[in-house]
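Asker: Before we start, here is the structure in question, set down as structure tokens.
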Amino acid sequence: MTTTAEGGPALPQERRLVTEIPGPRSRELLARKQAAVPPGIGTTLPVFVTRAGGGVVVDADGNSLIDFGSGIAVTNVGNAAPHVVERVRRQVGDFTHTCFMITPYESYVAVCEKLNALTPGDHEKRTFLVNSGAEAVENAVKVARHATGRPAVVVFDHGYHGRTLLTMTLTAKNMPYKQGFGPFAPEVYRVPLAYPYRWPSGPENCAEEAAAQAIDMINKQIGAGNVAAVVIEPIAGEGGFIVPARGFLPKIQEFCRANGIVFIADEVQTGFARTGNLFACEDEGIVPDIITTAKGIAGGLPLAAVTGRADLLDAVHVGGLGGTYGGNPLACEAALGVLTAIEEEALVERAARIGEIMLPRLRSLQERFEIVGDVRGRGAMTAIELVTPGTKDPHPTAAAEIARRCHAEGLIVLTAGTYGNVLRFLPPLVIPEHLLEEGLTILEKVVAEI
């Protein structure tokens, strides 16, 4: 029998429904939430969690649900991974905080050393720690602007980078992320992404044409010499798990290098073994100038990082970077536990195995049902795009209904996409295969019903 970090029996890895979803206790808690929390804080599935781990989430009514969400790619190593729990427990007994900028501690430095070694490229690097993915992206742009002396930032259609003023500006989708929150930050420009399924002349032309269009727009509308940074997700996350056509990313990076533009890879959702590589940009040999990470970095504790070329990060004056909570010691210990779990449990290989199981079954759905227009993703980051049968017209109502029915069956799935018509799947990398297969069977049943 497996055990938890406390030495007790592990959470049973089974789907178990004892009430409707959500059950009475969760509905009571939802009423309290609605009275205390603004409605702008939405909830995908209002079941209130009491325990979670492996591939399941247990709610306040005793229901055990299969988790295909991982807290939006946060709990890659599980919700209560022993390596994480043990390190955090030891640390909380010593001290919870000092502020690294006042009196530092070793675990912050150890996390930075690990990221300098593990992120792509063998050049000299520096890392600093912050609290969230948005904060990491914003700081990466700050560094690029300071180091280059240039103002402009280029981002891509379908991109998502956060909810702060700058990262909200960088994000492509208006609703719900930007509606009513302007005016936005200046000197941000958007260019096409190589979206194979929706490229007008077909996927075979997508990489070449999209890169040419993007570069032409930068040269004509902005001027390459005015661009501090290009910011891109190696796989677009909230935009719908769009895997750019192969060859597109290398062309954009080549243009950046030729013009002194900082290439920033936003790996907030794709990092830490999620895609079958430790970092998604490794798939095409991309070595970013700066890489931003968060989500899966610390098993659910708030932590994010900016890692990049030493000459870029060293250019910023003392005091120009930082934050009160950045690199909190509990989160740093959690991150060291995550990195240990990824290595010792071979979770990079495990993510690739999850993709080998999921993608063929999702493609079988596509072959059987016209409503499934596209199947895409890598490793444990996969998705289906739903369309009106016989067309490529986005079908967001179908995505919402399939998600609702999956939730009722005890399977947590998430929607995404610029058009709201994508179902995305992010199972924990430690999910048992029998739960993975059972979750896919539920999905197949629901799609067939729709």
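Listed here are the residues, each with its yes/no results for (1) among the small types (Gly, Ala, Ser); (2) surrounded by fewer than 18 Cβ atoms within 10 Å (Cβ to Cβ); (3) within 30 Å of Thr340 (Cβ to Cβ).
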residue: Pro24; (1), (2), (3): no, yes, no
residue: Arg27; (1), (2), (3): no, yes, no
residue: Gly53; (1), (2), (3): yes, no, yes
residue: Asp67; (1), (2), (3): no, no, yes
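Asker: Go through the stretch 301-324 and give me each residue that's part of a loop (DSSP other than H, G, I, E, B), surrounded by fewer than 24 Cβ atoms within 10 Å (Cβ to Cβ) and not polar (S, T, N, Q).
Answerer: Passing the criteria: Leu301, Pro302, Asp314, Ala315, Val316, His317, Val318, Gly319, Gly320, Leu321, Gly322, Gly323.
Asker: Pairs, please: C-beta under 8 Å, at least 6 apart or cross-chain, first residue assigned by TED's automatic domain parsing to the domain that holds Glu284 and over 18 Å from Gly373 (Cβ atoms) and in the stretch 195-212, second among the basic types (Lys, Arg) and assigned to a loop (DSSP other than H, G, I, E, B)?
Answerer: As it stands, the answer is Ala207/Arg246, since those pairs meet every condition given.
Asker: Let me ask something else. Take Thr4 and tell me if it is touching a Gly at 6+ places or on another chain (Cβ under 9 Å), over 24 Å from Ala352 (Cα atoms) and at pLDDT below 95.
Answerer: Here the answer is yes, as Thr4 does meet what is asked.
Asker: Only one of these conditions is not met by Pro104: (1) over 23 Å from Leu321 (Cβ atoms); (2) over 23 Å from the mean Cα position of the chain (by Cα); (3) not aromatic (Phe, Trp, Tyr). Which number is it?
Answerer: Status for Pro104: all satisfied but (1).
Asker: Another one. What number of residues within the stretch 157-185 satisfy the criterion of being exposed (fewer than 13 other Cβ atoms within 10 Å of the Cβ) and within 18 Å of the chain's Cα centre (by Cα)?
Answerer: Total meeting the criteria: 1.
Asker: With a cut-off of at least 1 residues that are closer than 15 Å to Ala334 by Cα, name the helices (runs of 4 or more DSSP H) lying wholly within the stretch 45-118. Break it down into steps so the answer makes sense when it comes.
Answerer: On the way: elements: 70-73, 82-94, 106-118.
Passing ranges, in order: 82-94, 106-118.
Asker: Could you tell me whether any residue of the stretch 348-361 is over 20 Å from Leu426 (Cα atoms) and either in contact (Cβ under 8 Å) with a residue 24 or more places away in the chain or in the same structural domain as Arg89 (by TED's automatic domain parsing) (or both)?
Answerer: No: zero hits.
Asker: With the requirement that a residue be in contact (Cβ under 8 Å) with a residue 40 or more places away in the chain, over 20 Å from Gly300 (Cβ atoms) and either assigned to a helix (DSSP H, G or I) or charged (D, E, K, R) (or both), what does the stretch 119-136 give you? Give the derivation first.
Answerer: Taking the stretch 119-136 and keeping what is in contact (Cβ under 8 Å) with a residue 40 or more places away in the chain, we get 119-121, 123-133, 135-136.
Right, trim to over 20 Å from Gly300 (Cβ atoms) and you get 119-121, 123-128.
The answer is Glu124, Lys125, Arg126.
Asker: Search the stretch 33-51 for residues being within 21 Å of the chain's Cα centre (by Cα) and among the hydrophobic types (A, V, I, L, M, F, W, C), and hand back the single one that is surrounded by the fewest Cβ atoms within 10 Å (Cβ to Cβ).
Answerer: Filtering first and then ranking leaves Ile41.
Asker: With the requirement that a residue be under 17 Å from Ile261 (Cβ atoms) and among the acidic types (Asp, Glu), what does the stretch 179-232 give you?
Answerer: Scanning the stretch 179-232 gives Glu187, Asp216.
Asker: Scan Arg190, Arg163 and give me the residue that is in the same structural domain as Arg145 (by TED's automatic domain parsing) and in a strand (DSSP E or B).
Answerer: Exactly one of Arg190, Arg163 is in the same structural domain as Arg145 (by TED's automatic domain parsing) and in a strand (DSSP E or B), namely Arg190.
Asker: Which pairs have Cβ atoms under 7 Å, sit 6 or more apart or on different chains, and link a residue in the stretch 102-113 that is of a type in the set (Ser, Thr, Tyr) to one that is loosely packed, with under 15 Cβ neighbours inside 10 Å?
Answerer: Tyr105/Thr98
Asker: What number goes with the only condition from (1) in contact with a helix residue (DSSP H, G or I) (Cβ under 7 Å, 6 or more places away or on another chain); (2) surrounded by 15 or more Cβ atoms within 10 Å (Cβ to Cβ) that Thr119 does not pass?
Answerer: Here Thr119 clears every test but (1).
Asker: Run Gln221 past the list (1) surrounded by fewer than 24 Cβ atoms within 10 Å (Cβ to Cβ); (2) outside any helix (DSSP H, G or I); (3) of a type outside the set (D, E, K, R) and report the number of the one that doesn't hold.
Answerer: (2) is the only condition that Gln221 fails.
Asker: Only one residue in Ile232, Ile264, Ile290 is touching a Phe, Trp or Tyr at 6+ places or on another chain (Cβ under 7 Å) and surrounded by 24 or more Cβ atoms within 10 Å (Cβ to Cβ). Which one?
Answerer: Residue meeting the stated conditions: Ile232.
Asker: Right, something else. If you scan the stretch 59-87, which residues turn out to be more than 23 Å from the chain's Cα centre (by Cα) and of a type in the set (A, V, I, L, M)?
Answerer: Ala60
Asker: Additional query: Condition test on Tyr189, is it among the aromatic types (Phe, Trp, Tyr) and in contact with a strand residue (DSSP E or B) (Cβ under 8 Å, 6 or more places away or on another chain)?
Answerer: yes
Asker: Another question, then. Just one of Ala229, Ala236 is over 13 Å from the mean Cα position of the chain (by Cα) and at pLDDT 95 or above; which is it? Working first, answer last.
Answerer: Numbers: Ala236 fails: over 13 Å from the mean Cα position of the chain (by Cα).
Just a single option satisfies the conditions, and that option is Ala229.
Asker: Still on this model: Looking at (1) on the phi < 0 side of the Ramachandran plot; (2) touching a Gly at 6+ places or on another chain (Cβ under 7 Å), can you tell me which one His158 breaks?
Answerer: The number of the failed condition is (1).
Asker: Also: How many residues, within the stretch 144-155, are within 22 Å of Ala172 (Cα to Cα) and assigned to a helix (DSSP H, G or I)?
Answerer: 2
Asker: Looking at Ala229, is it touching a residue at least 40 places away in the same chain (Cβ under 8 Å) and assigned to a loop (DSSP other than H, G, I, E, B)?
Answerer: No; evaluated as a whole, the condition is false for this residue.
The values are calculated or read from the model by the stated rules, or taken from the named source; none is laboratory data. Quick caveat: nothing in here was measured; it's all calculated off a predicted structure. With ideal geometry, Cβ positions are generated from the backbone for all residues, glycine too; neighbour counts draw on all protein chains shown.
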